[in-house]
Amino acid sequence: MWAESQLAEIELLTSMFPTVEELEFTDQLALAELRDYVEGSASTGGPPPSRPQFLIKQKLDSANTEGTLFILSCAYPSEYPSVLPEITVRCPGLSRAQQTQLQALLNAYLMENCQGEICVLSAVEWVKDNLQLFIDKSLLEAPAPKKESASSRTPEVFSRLWIYSHHIYNKSKRKNILDWSKELGLSGFSMPGKPGIVCVEGPQSACEDFWSRVKVLTWKKIMIRHREDIPLDCQSEDSRLVERIDSLRKFTGFEEAMFDPHGNRGNHMDLGQLYQFLNEKGCCEVFQMYFGIEGR
């Protein structure tokens, strides 16, 4: 049974990583509900509504990487281990491009080798084995800084990405979307549920960074449905650049937008309210690109 397998893996992880510095549960209530359900003491009698989420924090101990920290952020889908868990790897010692590549390789490893099995410990061991290779490579290939003249710099581009996902339910993914957009200085919104919609806007490099992080997470389906790229007539060090970018934004900051959630799981939004929201932002034409019908 899936719940028993999940609890058994959690107890194994707890025994192997006994301190909060190694294993941190970010939702203690979900863990308690899972345990009550497996032990038959749950008051509802049905499966627990929330899923366990936790962080595993480990350090490498080889000679040239001693003390290098990596973190696995893990979340169990309700059907795990029949489906793969949500596992995101973070390592401050790697560049963003290297982290993206490492994440993609980890996802491929899990899909090829861990379908239908508990696999968090396997993911930890895989990262330990492969993270070393990335760090060694970065030490060997550290590039010398290049000098660029002002005339050779590429003009900046303002981008707006309209991303479509089959669904966005997972709390960890939703938090990542909010955190990453804030970190990268992007504005826009995300609409969780089924389907899931994300819009980010800002400097093209930041939008591409956001997309590279999001797309390597485990999704049933995710794509850029539409994109807008507007060349700017100023360089990256031009004092007018921020002002020009802000003048093109249709959104102030980044928010998670909910539109009268309904349905059995509360995971469907009122698309009429979504259309009104887009219309107020001057983006109503995107509604037809997403859904193939005119909004009203």
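The table that follows gives values for the structure above.
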item: In the range 58-70, residue modelled with the lowest pLDDT [restricted to those that are in contact with a Leu (Cβ under 7 Å, 6 or more places away or on another chain) and either of a type in the set (Gly, Ala, Ser) or buried (at least 17 other Cβ atoms within 10 Å of the Cβ) (or both)]; result: Thr68
item: Residue list for the range 9-40, restricted to those being of a type in the set (A, V, I, L, M) and more than 20 Å from Lys59 (Cβ to Cβ); result: Ile10, Leu12, Leu29, Ala30, Leu31, Ala32, Leu34, Val38
item: Residue ranges of helices (runs of 4 or more DSSP H) in the range 158-251 with at least 1 members at pLDDT 90 or above and closer than 23 Å to Leu72 by Cβ; result: 171-183, 204-215
item: Pair list, Cβ under 6 Å, 6 or more apart: the range 12-29 residue in the same structural domain as Arg51 (by TED's automatic domain parsing) and surrounded by 15 or more Cβ atoms within 10 Å (Cβ to Cβ), other residue of a type in the set (D, E, K, R) and at pLDDT 90 or above; result: Glu22/Lys57
item: Single residue of the range 183-208 satisfying the filter (buried (at least 20 other Cβ atoms within 10 Å of the Cβ) and in contact with a Leu (Cβ under 6 Å, 6 or more places away or on another chain)) that is nearest to Phe259 (Cα to Cα); result: Val200
item: Per-region count, the range 89-136, residues closer than 18 Å to Phe210 by Cα and in a loop (DSSP other than H, G, I, E, B); result: 4
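Results for (1) among the aromatic types (Phe, Trp, Tyr); (2) closer than 16 Å to Leu7 by Cα; (3) free of Cβ contacts under 8 Å to residues at least 60 places away in the same chain, shown as yes or no for each residue.
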| residue | (1), (2), (3) |
| --- | --- |
| Ile71 | no, no, yes |
| Pro77 | no, yes, no |
| Leu94 | no, no, yes |
| Tyr109 | yes, no, yes |
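The values are calculated or read from the model by the stated rules, or taken from the named source; none is laboratory data. Model, not experiment: these values are computed from the prediction. Glycine also receives a Cβ, built like all others from the backbone with ideal geometry; neighbour counts cover every protein chain displayed.
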